[in-house]
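Trainee: Starting off with a structure, shown below.
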Amino acid sequence: MKIISRIIDKIASMLAAQIAKLSLRSLGVEVGANVTLWGRPIVSRVQGSTIQIGNRVVLCSVSTKTALGVNHPVVLRTLSPGAKIVIGNDVGMSGGAICSAQSVTIGEGTLLGANVVIADTDFHPIVPEGRRYSHADVAVAPVTIQENVFIGMNSLILKGVVIGANSVIGAGSVVTKSIPANVIAAGNPCRVLKPLVEEFAPSALVAS
């Protein structure tokens with residue numbers, strides 16, 4: 001009976017994933033080949049904006065499919081016409097949210113740990129008068145995460161940040177300024193702690 005139950009669960013998961021992909025495409029999301037969806041992500045695309053999901057991307061929206069669990073399903077949301085979210089090939093994302101009023105780009109091979117949040121906007125103006133309802137003069141700047149970056153769980157990536165290739169961002173970090181390539185960085189605010197060990201750098205692996 002356990003074997004039958006597992007087979008039924010697997011078939012149900014596969015059907016749910018196919019339905020979720022069809023739902024994404026019906027919303028105008030560009031979905032690449034061999035994308036894996038564990039659970040259904042929450043997706044909201046403003047007319048005239050772009051959401052692209054590359055090949056072999058894994059979006060995990062259920063706690064049973066990732067070691068640490070997730071606080072909520074993956075959220076992909078554009079906030080204005082012309083905004084874009086581009087997720088490169090082989091990216092993995094567990095829970096968390098990406099909100100774009102202008103541009104958020106995730107490079108190939110990047111890992112977004114459980115409950116990471118990325119936003120290219122402050123959402124509300126700094127000026128206090130009418131802040132609750134105003135969307136005027138809201139600060140916005142693109143976010144770029146280059147290839148093979150590893151962002152630890154519960155980190156927050158804010159507007160205008162570039163994270164260089166191969167870098168590691170420690171869990172719980174608040175990234176307010178750009179981080180160079182090939183370093184380990186962490187903290188609130190996030191700062192560079194040390195370079196990646198040379199023998200782990202991709203160039204060293206290729207050379208060997």
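Trainee: Could you please let me know if Ala186 is over 25 Å from Ala83 (Cβ atoms), in a strand (DSSP E or B) and at pLDDT 95 or above?
Mentor: Yes: the conditions hold for Ala186.
Trainee: Let me ask something else about it. Exactly one of (1) modelled with pLDDT of 95 or more; (2) touching a Lys or Arg at 6+ places or on another chain (Cβ under 9 Å) is unmet by Pro125. Its number?
Mentor: Among (1) modelled with pLDDT of 95 or more; (2) touching a Lys or Arg at 6+ places or on another chain (Cβ under 9 Å), the lone unmet condition for Pro125 is (1).
Trainee: Counting just the residues of segment 99-137 that are free of Cβ contacts under 8 Å to residues at least 24 places away in the same chain and surrounded by 15 or more Cβ atoms within 10 Å (Cβ to Cβ), which one comes out nearest to Arg56 (Cα to Cα)?
Mentor: For segment 99-137, the residue satisfying everything is His124.
Trainee: Sticking with this structure for a sec: Please indicate, with yes or no, whether at least one residue in segment 135-156 is at pLDDT 95 or above, assigned to a loop (DSSP other than H, G, I, E, B) and over 25 Å from Gly88 (Cα atoms).
Mentor: no
Trainee: OK, next. Based on this model, can you work out whether Val162 counts as surrounded by fewer than 20 Cβ atoms within 10 Å (Cβ to Cβ) and modelled with pLDDT of 90 or more?
Mentor: Answer is yes for this residue.
Trainee: If you don't mind, another one. Just for segment 89-98: of the residues that are among the hydrophobic types (A, V, I, L, M, F, W, C) and part of a strand (DSSP E or B), which one is surrounded by the fewest Cβ atoms within 10 Å (Cβ to Cβ)?
Mentor: Per the criteria, the residue is Ala97.
Trainee: Shifting gears a bit: Given (1) touching a Gly at 6+ places or on another chain (Cβ under 9 Å); (2) modelled with pLDDT of 95 or more, where does Cys99 come up short, assuming only one miss?
Mentor: Exception for Cys99: condition (1).
Trainee: Mind checking whether some residue in segment 53-60 is outside any strand (DSSP E or B) and in contact with a helix residue (DSSP H, G or I) (Cβ under 8 Å, 6 or more places away or on another chain)?
Mentor: Within segment 53-60 (the criterion being outside any strand (DSSP E or B) and in contact with a helix residue (DSSP H, G or I) (Cβ under 8 Å, 6 or more places away or on another chain)), the answer is no, since none of the residues qualifies.
Trainee: Anything in segment 61-79 that is among the basic types (Lys, Arg) and either assigned to a helix (DSSP H, G or I) or surrounded by fewer than 18 Cβ atoms within 10 Å (Cβ to Cβ) (or both)? List them, or say none.
Mentor: Within segment 61-79, just Lys65 meets the criteria.
The values are calculated or read from the model by the stated rules, or taken from the named source; none is laboratory data. The model shown is predicted, which means the values in this text are computed figures rather than measured ones. No Cβ is skipped: glycine too gets one built from the backbone with ideal geometry, and neighbour counts run over all protein chains shown.
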